[in-house]
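Have a look at the structure below before the remarks.
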2 protein chains.
Amino acid sequence: MTDGAEDDTGGRKRLGVREIAKRVGVAPMTVSRALSNPEMVSPETRARILEAIEQAGFVPNRLASSMKGNGRMIGTVVPPLINSGIADQVQGMSDECHESGYSMLLVQGEFTQEAEERAIRNLLGWRPAGMILQSFVQSEAARALLANSSAPVVEISEIKGRKPIDMVVGISNFETAYAMTMHLAAKGYKRIGFVSTPIHGNDRLQQRRTGYHAALTELGIPNHDNMEVEVPITAQGGAEALVTLTSRHKDIDAIFFSSDTLAIGAVQECHRRGWAVPGRIAIAGYGDMDLAAQLFPPLTTVKVNRYEMGRRAVRQLLARLGGNAKVPTITSLGFEIVDRESA
Amino acid sequence: MTDGAEDDTGGRKRLGVREIAKRVGVAPMTVSRALSNPEMVSPETRARILEAIEQAGFVPNRLASSMKGNGRMIGTVVPPLINSGIADQVQGMSDECHESGYSMLLVQGEFTQEAEERAIRNLLGWRPAGMILQSFVQSEAARALLANSSAPVVEISEIKGRKPIDMVVGISNFETAYAMTMHLAAKGYKRIGFVSTPIHGNDRLQQRRTGYHAALTELGIPNHDNMEVEVPITAQGGAEALVTLTSRHKDIDAIFFSSDTLAIGAVQECHRRGWAVPGRIAIAGYGDMDLAAQLFPPLTTVKVNRYEMGRRAVRQLLARLGGNAKVPTITSLGFEIVDRESA
DNA sequence: AACGCTTATGGTTCCGGTACCATTTTTGTT
DNA sequence: AACAAAAATGGTACCGGAACCATAAGCGTT
């Protein structure tokens, strides 16, 4: 074929620092420096090198740099993005990464211990400079893999309880749920239900439920197990949970959902039935997603700044990589009970 | 420190195929083969090698393989995840990637030409086996970079119009918007407004608007520019657009939103004002997100299978990488007008 | 003019898996 | 038994930056 070549430069030579160096008439090392330590190269030489690079359309091979230990890649494991508000976090991580010249390797999913191990093994194969783990069930094997690798680890998770692998960024899910339950009680609700997505293996949810229980206990309200329901993380799940709980307990007056998505679904179901919110039943969510404030009626919810959480996780990792030994092990972000009209 | 070593294996030797080979008493090459071409190694040798690998906690360095051209990484560029339904697509891409042993490098953002070029350059530095681009403004520089790299490219985008770089997976945004507008007209609506997020530089939105225009023209309804509004992609944006359009045009009877998020925000605003939907005004969305079906009233919308779109994009890339020359250049996914009660 | 010190540049080797080719062992055929 | 063909394994070089050390040039000081 005729090789739609652009200009005369195009002998089909392998394009690398060596080739650029040859064209400019310097050593490969000088080209390398012009890219990663510009101040070590004289302005004139640098200009000529950059010009040649531009001209040749040369893109430095980051795999090669990485092999020399200068990797600028971060491996991340996150829960499914759909409906969970995780998208905000990923955006935060992504933004922070790219502002610092790092690339983000992403694995997402709901994992069994075995799948989790595979996912982490895959990521570690790329020898990332650091890892950020979010949906992490903590198999022993995975812990060992991470320990063997030299990569610092930030977990985005519950900040209480379980011993962290390395660093943790997150909130106290216990506190948030405790606070919301107390808040509902303070507003006069006495029979408060709790709805979440499947709790098994998810310590964030476990902590929230425990916070809910603790508040009830403190309030002198007995914990009835059948005031709790688990449903899939969909609006329909929320609607179904509402139906289940209200038909089980005629006198239930408030429901605390572990996710805004569920709460919003429940509010829609109330509209369908012509139930006033919070007249017939009060509804509270978790996450303060964009729609929460705009919902009719506006949703009372727990506000967590997920975007910031993502950014912080990356920043913490980079701080550690930057040699700052004084990086805190645990960073706790605040939360806020946003009292709107749904409860 | 005391080096909490586990077992005797742990002389602090660099861990690589060479080290494993030494321990097993074979050549490095044989270890490599045991991992990537198991059938080329006798079952007994293989077993001993795998055992040693397991025992040592060895994770093969994928950077090194990649440098020999066996890269299993895909670079992706997607629009912001928040509120846009893109999350489904990313999930689809991620799932398909991991099922095939590929890793996914993710960049997300709303790009200027310059930022886009930087993002693509960053990704190409990793020498990905392929690229999937979604928010792509098509600077000349970026095109050149991609052409220079040997990576096949799949664009997830409008399938009409602009010349594709390589392969395209997507829908005809024109068709979808045309169909929805016609659908609204068929239901008797005569004054149909159009609301989208900022259109500039987004050819998917441009195509939708053009489809809307085409339908109006065919219906003999004049296009009034002030029947169109652009707002940010938030529920609040949708609410504001509703207010703007209805106060501008007392007789407007339907609004077609370019995103479910906007439409849902508008429906909430209607509730707030006590307006019946579709009695006072009909509302249609785009995307069929989870909540659409559960909304009160259920949202009429354009259903696009974004998850599948993500999967297809990856599959198409892998098919090409698998040497299948007969991979189609353009894959068009279907869509569906979901007629519910909001319009 | 001679010395020390900074700055600019070059040469070589390595990171770790694997392509390529060479060599040995096993199996099958007449 | 003799030889072809297949299967299993080994040795070496390479991908492309960059660390490390060596060398050369520039410049101020006594």
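The values are calculated or read from the model by the stated rules, or taken from the named source; none is laboratory data. Since the structure is predicted, the reported quantities are computational estimates derived from the model, not experimental observations. With ideal geometry, Cβ positions are generated from the backbone for all residues, glycine too; neighbour counts draw on all protein chains shown. We work out accessible area using only protein heavy atoms, side chains counted, and drop any ligands, DNA or RNA first. Shrake-Rupley method; radii C 1.70, N 1.55, O 1.52, S 1.80 Å.
Taking region A:220-260 and a reference point 7 angstrom along Cα→Cβ of A:R272, the backbone N atoms nearer than 12 Å belong to A:235-244.
Taken over the Cα atoms of region A:64-216, the convex hull encloses 117 Å³ per residue.
Using a Gaussian network model of chain A in which every pair of alpha carbons under 10 angstrom is joined by a spring, one finds that among A:M227, A:M131, A:M29 the greatest mean-square fluctuation is at A:M29. Placing a label point 7 Å from Cα along the Cα-to-Cβ axis, A:K22 is separated from the same position in the other copies by 3.6 nm, shortest listed first. Placing a label point 7 Å from Cα along the Cα-to-Cβ axis, A:E336 is separated from the same position in the other copies by 4.1 nm, shortest listed first. Each part gets one Cα centre, and for region B:142-172 versus region A:39-82 those centres are 24 Å apart.
The local environment of B:E269, defined by Cβ-Cβ distances under 14 Å, has a net charge of +2 under the rule Lys, Arg +1 and Asp, Glu -1. Per-residue Karplus couplings for region B:30-37, computed as 6.51 cos²θ - 1.76 cosθ + 1.60 with θ equal to phi - 60°, are listed in order as 5, 5, 4, 5, 4, 8, 9, 9 Hz, Gly and Pro entered as x. Positive contributions from Lys and Arg (+1) and negative ones from Asp and Glu (-1), summed over other residues with Cβ under 12 Å from the Cβ of A:E39, come out at +2. When shorter helices are ignored and each DSSP H run of at least 4 residues is given -39500 (n - 2.57), the per-residue value for chain B at 222 nm works out to -14000 deg cm²/dmol. Across chain B the C-alpha pair distances fall into 10 Å bins from zero in the proportions 5, 22, 24, 18, 13, 8, 6, 3, 0 percent. With a sphere of radius 13 Å drawn around the Cβ of A:P328, what net charge do the other residues whose Cβ falls strictly inside it have (Lys, Arg +1; Asp, Glu -1)? Spelling it out: positives minus negatives among the neighbours equals +3.
Normalising the average separation of contacting C-alpha pairs (under 8 angstrom, six or more residues apart) by the number of residues puts the relative contact order of chain B at 16 percent. Hey, any idea what % of region B:17-60's accessible area is carbon plus sulfur with a 1.4 Å probe? Whole-percent figure for carbon plus sulfur exposure: 54. The protection proxy used here, the mean number of other Cβ atoms lying within 10 Å of each residue, ranks peptides B:96-105, A:269-278 as follows, highest first: B:96-105, A:269-278. The C-alpha atoms of region A:1-137 occupy a region whose extents along the principal axes are 55, 43, 25 Å, arranged from largest to smallest. Residue pairs exceeding 26 angstrom between C-alpha atoms, taken from A:K250/A:K303; A:K163/A:K187; A:K22/A:K68: A:K250/A:K303; A:K163/A:K187. State whether region A:173-303 is rounded, prolate or oblate according to the following rule on the C-alpha gyration tensor (a ≥ b ≥ c being the square roots of its eigenvalues): a/c under 1.5 gives rounded; otherwise a/b larger than b/c gives prolate, and the remaining case gives oblate. Taking the square roots of the gyration eigenvalues as a ≥ b ≥ c, region A:173-303 is rounded. For region B:173-303, the relative contact order comes to 24 percent (Cα pairs under 8 Å, sequence separation of at least 6). Please report the antiparallel percentage of DSSP beta bridges with both residues in the protein assembly as shown, rounded to the nearest 5. Percent antiparallel among DSSP bridges in the protein assembly as shown is about 10.
Couplings 3J(HN,Hα) for region B:155-163, derived from phi with the Karplus relation 6.51 cos²θ - 1.76 cosθ + 1.60 (θ = phi - 60°), are 9, 9, 6, 4, 8, 9, x, 2, 5 Hz, where x marks Gly and Pro. In chain B, the longest principal axis of the Cα atoms and the axis of helix B:203-219 are about 30 degrees apart. A full extension of the chain between A:I199 and A:M67 corresponds to an added length of 43.5 nm, given 0.36 nm per residue minus the alpha carbon distance. With a 1.4 Å probe and all protein chains left in place, how much of the accessible area of region A:136-201 comes from carbon and sulfur atoms, in whole percent? C and S fraction of accessible area: 58 percent. For region A:291-308, a drop of 20 Å² or more in accessible area on going from the chain alone to the assembled protein chains (1.4 Å probe) is found at A:L291, A:Q294, A:F296.
Computed across region B:24-88, the Kirkwood hydrodynamic radius from all distinct Cα-Cα pairs reaches 14.6 Å.
Mind checking the angle between helix A:235-248 and chain A's longest principal axis? C-alpha axes, 0 to 90 degrees, to the nearest 10. With both axes taken from Cα atoms, the answer is about 20 degrees. Based on protein heavy atoms only, region B:234-343 ends up with 37 Å² per residue of surface accessible to a 1.4 Å probe.
Phi-derived couplings, Karplus 6.51 cos²θ - 1.76 cosθ + 1.60 at θ = phi - 60°, listed residue by residue for region A:191-199: 10, 10, x, 9, 10, 9, 7, x, 7 Hz, with x used for Gly and Pro. Distances between copies at B:H249, taken between label points 7 Å from Cα along the C-beta direction, are 4.9 nm in increasing order. For the residues of A:57-70, the average number of beta carbons from a partner chain within 10 Å of their own beta carbon is 5. Looking at the square roots a ≥ b ≥ c of the eigenvalues of the Cα gyration tensor of region A:235-319, which shape do they give, rounded for a/c under 1.5, prolate if a/b is larger than b/c, or oblate? Here region A:235-319 falls in the prolate category. In this structure the amide hydrogen of A:M104, modeled in the peptide plane, comes within under 5 Å of the amide hydrogens of A:I74, B:L106, none closer than 5 places in sequence on its chain. Annotation: per residue accessible area for region A:121-230 equals 38 Å², rounded to a whole number [probe 1.4 Å, protein chains only].
Once backbone amide H atoms are built at 1.01 Å from N, B:F257 has B:V195, B:A284, B:G285 as its partners under 5 Å, excluding neighbours fewer than 5 places away on the same chain.
Which shape class, rounded, prolate or oblate, goes with the protein assembly as shown when its Cα gyration tensor gives a ≥ b ≥ c as root eigenvalues, a/c under 1.5 marks rounded, and past that a/b bigger than b/c marks prolate? In terms of gyration-tensor shape, oblate.
Taking both sides together, the accessible area buried where A meets B is about 5000 Å² for a 1.4 Å probe.
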